[in-house]
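Quick note: the coordinates plus some simple rules give every number you see, no bench work behind them. Here the structure is a predicted model, which is why all the values come from computation and not from measurement. Counting neighbours? That spans all protein chains shown, and the Cβs are built from the backbone with ideal geometry, glycine included.
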């Protein structure tokens, strides 16, 4: 989804910078950056859309990490070495989040809202963007 182009307004450089900041800060402080920018960007639809996508991605990754951690602990008790496979899944989820945040920052700098796979639908449902 691109906000900009011939039929809609083009985001200003300030909005692009703020959206870029949402994604970059999400790498370091997780969902907090998306939450802050979502709350304060009421009059900036581009920033609000980027913040909603970042927030949905962070929330989904947190849920996945918690579920995998619980399963990993249970697997360590019952199956032993199988817990390593689940740990690798946790690392893969973290790497996926890092890549999506970097791609989101790059797209935001271009004036495009990144729609991460799967979580973009959650953002549309949860945040109505």
Scattering profile of the chain at q = 0.11 Å⁻¹ [log10 I(q)/I(0), Debye over alpha-carbon scatterers]: -0.41
Cα centroid of the range 74-104 to Cα centroid of the range 34-66, whole Å: 23 Å
Ordering of 44-56, 77-89 by burial proxy (mean other Cβ atoms within 10 Å per residue, highest first): 44-56, 77-89
Degrees between helix 82-110 axis and first principal axis of the chain (Cα, 0 to 90, nearest 10): 10 degrees
Using a Förster distance of 35 Å, the FRET efficiency for residue 32-residue 82 (Cβ separation, nearest 0.05): 0.55
Angle between the chain longest axis and helix 13-29 axis [Cα atoms, degrees, rounded to 10]: 10 degrees
Degrees, to the nearest 10: 45-78 long Cα axis against longest axis of the chain: 0 degrees
